[in-house]
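Novice: Here it is: the structure, laid out below.
The values are calculated or read from the model by the stated rules, or taken from the named source; none is laboratory data. Quick caveat, the model's predicted, so the values are computed rather than measured. Note that each Cβ is placed from the backbone with ideal geometry, even for glycine, and that neighbours are counted across all protein chains shown. Keep in mind that these areas ignore ligands, DNA and RNA; they rest on the heavy atoms of the full protein, side chains included. Shrake-Rupley method; radii C 1.70, N 1.55, O 1.52, S 1.80 Å.
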Amino acid sequence: MPLSANNPDRKSWLHVDKNSDFPIQNIPFGVFLTRDDIITIGTRIGDTAIDLGALHQLGYFEGIPLTDDIFLQDTLNDFIADGRKTWRLVRNRIAEIFDAENKKLKGSPKHKEVVLFRLDEIEMQLPVQIGDYTDFYSSIEHATNVGTMFRDPDNALLPNWLHIPVGYHGRSSSVIPSGIPVHRPQGQTLPAGETQPVFGPSKLIDFELEMAFITTDANDLGEPIPIEEAEEYIFGLVLFNDWSARDIQKWEYVPLGPFLAKSFASSISPWIVTLDALEPYRVESPKPLKKQLDYLQQKGKKSFDINLEVSIQPEKAKETIVSRSNFKYMYWSMAQQLTHHTINGCPINSGDMMGSGTISGPTPDSYGSMLELSWRGEKPVKLKDGSERKFINDYDTVIMRGHCEKDGTRIGFGEVKSQLLPIFNPKKKDKAH
Ligand code: CA
């Protein structure tokens, strides 16, 4: 089916700023609460949010096989489960409805009144009910940096790393949308030089610059997904800040991997940008350094050119960009991750989320975590207000942004922005400043 929604020449009758992440070629999907306190599935063009439930009720999706209530839901799971053919039909139709030449909705003030919202009239929600969340570790620069710091610079990568998209099962219950503040967690750590652990607030709170992809129903128990089919089951991507407590992580991760250091919060951007919308920005992945087993061999351009950046904004100060990276640095592709995940027959469901792992680039200003940017705290990062950071301070806000740009068309993700609050105090119930 042609991806007519991607036509770079199409203009919308809705206003779109030149540098907007959301031109008519994007058409992401999200869930929002409207000014009337109704929850609905929607999309966004420029700074206008579009109620797809209302559009459907008004008959704008006529001819596309959709159940009546497909958009009148508080998650995208059922829509995603309808599969790629439906996503494409709906995205193509939305592009037609908002095409500058199409007067049907444009010329109907009554319809526009119930379909269109300003961004300040809505509240974005978590877009999917995430059943399972898996996190990979697929940036060779990140894995090399961490291996160099904590093990052996000469053998920074563990022997399996070039053969397996290494991953672990995370917690979906603490995945939250942009804007929700996060409390500094408490836990067990082993202070340097000590033999007995102590309990208290983590002192080393970090972000991890990641992207995550959302899947549709893919396979039954026992059935692996062949690599050439894997992308059919990927609905789209979000920006992902996988908050981490490095001191808790260091003490707890042997031998089974990350646990409470990761499960206290993971923040995502609220608009899911479809894999289809990213198609024009496909690029080569890094060349394999070792021959990969047959089931992981993928032909063609496996990655996407997505510019990523991270800012830290101290309380009452301007933000400072501390890292610029790119999704194309990923050594293992999303298709390889999904194929590997199902090679043992593990079922993947609609609304599952898979994190890329921290996306670090080759240069020190492109590292995707404070652990690497400050090199374990040895090289503090300077901020515009004159202060320095080794890790994240209470009341700092971490902002991640991402966009693709080519031939004058820009597709972006908006941002994932969340503030770190002090440890949870049941008597005080801290509010975000
Ligand atoms: Ca992670």
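Novice: Which is within 16 Å of the ligand (Cβ to nearest atom) and under 28 Å from residue 31 (Cα atoms), of 169, 183, 142, 111?
Specialist: So the residue among 169, 183, 142, 111 that is within 16 Å of the ligand (Cβ to nearest atom) and under 28 Å from residue 31 (Cα atoms) is 169.
Novice: Kindly evaluate residue 189 against the criterion of being in contact (Cβ under 8 Å) with a residue 24 or more places away in the chain, among the β-branched types (Val, Ile, Thr) and away from the ligand (no atom under 16 Å from the Cβ).
Specialist: yes
Novice: Of all residues in segment 235-251, which are in contact (Cβ under 8 Å) with a residue 40 or more places away in the chain, open to solvent by 20 Å² or more (accessible area, probe 1.4 Å) and touching a Pro at 6+ places or on another chain (Cβ under 8 Å)?
Specialist: Within segment 235-251, 251 is the sole residue that qualifies.
Novice: Going by the structure shown, is residue 132 more than 16 Å from the ligand (Cβ to nearest atom) and either open to solvent by 70 Å² or more (accessible area, probe 1.4 Å) or not assigned by TED's automatic domain parsing to the domain that holds residue 38 (or both)?
Specialist: Spelling it out, it is not the case that residue 132 is more than 16 Å from the ligand (Cβ to nearest atom) and either open to solvent by 70 Å² or more (accessible area, probe 1.4 Å) or not assigned by TED's automatic domain parsing to the domain that holds residue 38 (or both).
Novice: Picking from 228, 223, 232, 208, which residue would you name as being within 26 Å of residue 128 (Cα to Cα) and either free of Cβ contacts under 8 Å to residues at least 60 places away in the same chain or touching a Lys or Arg at 6+ places or on another chain (Cβ under 7 Å) (or both)?
Specialist: 232
Novice: Also: Out of all the residues in segment 370-386, is one or more open to solvent by 20 Å² or more (accessible area, probe 1.4 Å) and within 15 Å of the ligand (Cβ to nearest atom)?
Specialist: No.
Novice: Hey, does segment 396-405 have a residue that's open to solvent by 10 Å² or more (accessible area, probe 1.4 Å) and over 20 Å from the mean Cα position of the chain (by Cα)?
Specialist: Looking through segment 396-405, none of the residues is open to solvent by 10 Å² or more (accessible area, probe 1.4 Å) and over 20 Å from the mean Cα position of the chain (by Cα).
Novice: With the requirement that a residue be open to solvent by less than 80 Å² (accessible area, probe 1.4 Å) and in contact with a Ser or Thr (Cβ under 9 Å, 6 or more places away or on another chain), what does segment 91-114 give you?
Specialist: 91, 92, 94, 95, 98, 99, 100
Novice: Then there is this: Quick one: residue 2 ticks every box in (1) assigned to a strand (DSSP E or B); (2) open to solvent by 30 Å² or more (accessible area, probe 1.4 Å) bar one, so which box is it?
Specialist: So residue 2 meets the others, but not (1).
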